[in-house]
Amino acid sequence: MRHVVRKAGRPSDGGVVGGEPDGTGFGGRFVAAVMVGSMLNPVNSTMISTALVPIGRSFGAGPSATVWLVAGLYLASAVAQPVMGRVADRLGARRVYVAGLVLVGLSGVAGLLADSLGQLIGVRVLTGVGTSAAYPAAMAMIRGRSARLRREPPGSVLGALTIAALASAALGPALGGLLTGLAGWRAVFAVNIPLAVAGLLLALAWLPKDGRRTGADGAESTWTALDPPGVLLFTAALLPLMFFLVGLAHPRWPLLALGAVAACALTARELRARRPFIDVRMLAANGPLVRTYVRYGASYLVIYCVLYGYTQWLEEARGYSASVTGVIMLPMCAVAALCSWAGSRRATARGPLLVGTTAMVVAAASLAFVGEGTPTAVLVLIGVVFGLPNGLNSVGNQTALYAQAPAGQTGTAAGLFRTAQYIGAIASTSVIGLVYGERATTGGLHTAAIVLTVLGALLLPAALLDRALPGSRR
């Protein structure tokens, strides 16, 4: 017989409570459990967009202050994603996954109690750390189960993570607008409580328990396995850069210099490390992967400028409520989700990137022509066009990542992939602050349109000329 039916709870099945109904070890229960946690970071990233104006009104703050609600989560996530991936690989993916969900639930409670903008920013930092655990831990569990079964996971498993992240990020503005309109902006934080509880129940019931470290792994010290000096130097290099990007209106050059010094120290340290947190030699030899990081970060700079800048303009310049703004952005969500599903069906990056980037240029340029008299249908159409790059560019770059990352370093590579996304997102908040100042205006939106169109035009040849992309003719 070609097919072997595995009993529930056998080691080769990953020890999942109740087993997998299809006998493959990658059944619907496993996929559902890892998808829930993987949705939390993207949805929290974008859900806040339609609540920024109401929060600002509550605390008497403008866009230049409320932008830290966005930046706080990205600063925390940029560092935490690769760190959580490293910890999951060495200490147990399920433990990290569950611990992250607990932090997310606590951040939801803290959001209900915060009574100042500063406290709310702290809540977003906690949310960023908690939600950063799910994606790298999920990747580690998929890889561990694949090793036990001695077979590659079905494409639908990795595709499910990608679609969950993209769909939840795209639905974030609509969900945030709905919650804010129905129950006030605190609902955007409180919704993390039931989401975390649901994720915990699924994880405890359906995800494989972590085994004990044995043999060489058990003998290896935690210090060597986790490389704390490398993690600290990575943090010391990344945070000054991101703080510099946040404050581009008043550049603080010493921060950039501090980050450069820390980056040099990180490079020197990791070249000597037995198990480096950042494999500098691999990155230096893997130009295609580094280009994917840069392309992914630049794409998200444009995408998040739209998600945050466009929604603020709709609310402040056009006078739409948060709930109506969410409805206007909903078709963009649907298009992004559809494109992510369609793009994940084929293991190619070049085609989706070219189509998505072309749509990005067209949509960004169209923002230069909107104003107070633009029909609502046209505003919806612009959002629809922006849904194409939101879905296709994400899927294309994700496909490139899996093709270019070394098999033994997929978790760390995936974490750095998300770090590139957050750097782009942080840069987008700075662009919004520069063009808007204290209030979202039509003139500021037009200025942003010029910047985004130029950036999109630069990304087109970057995708067209990169022959290392999956789907390219070499």
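The values are calculated or read from the model by the stated rules, or taken from the named source; none is laboratory data. Fair warning: this is a prediction, and the values are worked out from it, not measured in the lab. Neighbour counts are summed over all protein chains in view; Cβ atoms, including those assigned to glycine, are modelled from backbone coordinates with ideal geometry. Just so you know, the surface numbers come from the protein's heavy atoms only, side chains and all, with ligands and any DNA or RNA stripped out. Shrake-Rupley method; radii C 1.70, N 1.55, O 1.52, S 1.80 Å.
Would you point out which residue out of L381, L388, L367, L330 is in contact with a Phe, Trp or Tyr (Cβ under 8 Å, 6 or more places away or on another chain) and of a type outside the set (D, E)? None of the others qualify; the one that does is L367.
Go through the stretch 107-121 and report how many residues are assigned to a helix (DSSP H, G or I) and surrounded by fewer than 17 Cβ atoms within 10 Å (Cβ to Cβ). Outline the logic, then answer.
Filtering the stretch 107-121 down to residues assigned to a helix (DSSP H, G or I) leaves 107-113, 117-121.
Now drop any that are not surrounded by fewer than 17 Cβ atoms within 10 Å (Cβ to Cβ), which leaves 109, 112-113, 118-119.
Here the count works out to 5.
If the condition is being touching a Gly at 6+ places or on another chain (Cβ under 8 Å), in a helix (DSSP H, G or I) and small (G, A, S), then the stretch 50-94 contributes A51, G56, S64, A65, G72, A76, S77, A80, G85, A88, A93.
Among the residues of the stretch 400-412, those that are assigned to a helix (DSSP H, G or I) and either free of Cβ contacts under 8 Å to residues at least 40 places away in the same chain or over 21 Å from V361 (Cβ atoms) (or both) comprise L401, Y402, A403, Q404, A407, G408, Q409, T410, G411, T412.
Consider T180 carefully, then state whether it is modelled with pLDDT of 80 or more, β-branched (V, I, T) and closer than 19 Å to V123 by Cβ. When the stated conditions are applied, T180 passes them. For the stretch 179-206, the candidate set comprises residues that are within 22 Å of the chain's Cα centre (by Cα) and among the small types (G, A, S); within that set, the residue that is surrounded by the most Cβ atoms within 10 Å (Cβ to Cβ) is G199.
Every residue in the stretch 364-376 that is assigned to a helix (DSSP H, G or I), more than 22 Å from the chain's Cα centre (by Cα) and not aromatic (F, W, Y), please. Step through it out loud before you land on a result.
Within the stretch 364-376, the subset assigned to a helix (DSSP H, G or I) is 364-369, 376.
Keeping just the survivors that are more than 22 Å from the chain's Cα centre (by Cα) gives 365-369, 376.
Within the stretch 364-376, A365, S366, L367, A368, T376 qualify.
T374 fulfils the conditions (1) surrounded by fewer than 20 Cβ atoms within 10 Å (Cβ to Cβ); (2) more than 30 Å from L226 (Cβ to Cβ); (3) in contact (Cβ under 8 Å) with a residue 12 or more places away in the chain except for a single criterion, (3). Test L379 against the criterion of being of a type in the set (A, V, I, L, M), in contact with a helix residue (DSSP H, G or I) (Cβ under 7 Å, 6 or more places away or on another chain), surrounded by fewer than 24 Cβ atoms within 10 Å (Cβ to Cβ) and under 27 Å from L179 (Cβ atoms), and give yes or no. In short, yes.
A single entry from T412, T441 fulfils the requirement of being open to solvent by 10 Å² or more (accessible area, probe 1.4 Å), under 15 Å from the mean Cα position of the chain (by Cα) and among the β-branched types (V, I, T): T412. Residue-level check: of (1) assigned to a helix (DSSP H, G or I); (2) under 29 Å from A147 (Cα atoms); (3) out of contact with any Leu (no Cβ under 6 Å at 6 or more places or on another chain), P389 misses just (2). The numbered conditions (1) surrounded by 20 or more Cβ atoms within 10 Å (Cβ to Cβ); (2) over 20 Å from G444 (Cα atoms); (3) of a type outside the set (G, A, S) are all true for Y308 except (2).
For G326, the conditions (1) closer than 18 Å to I382 by Cβ; (2) open to solvent by 10 Å² or more (accessible area, probe 1.4 Å); (3) modelled with pLDDT under 85 all hold with the exception of (2).
Determine whether A99 is surrounded by 24 or more Cβ atoms within 10 Å (Cβ to Cβ) and either modelled with pLDDT of 95 or more or farther than 23 Å from T429 by Cα (or both).
Numbers: surrounded by 24 or more Cβ atoms within 10 Å (Cβ to Cβ): no; either modelled with pLDDT of 95 or more or farther than 23 Å from T429 by Cα (or both): yes.
Here the answer is no, as A99 does not meet what is asked.
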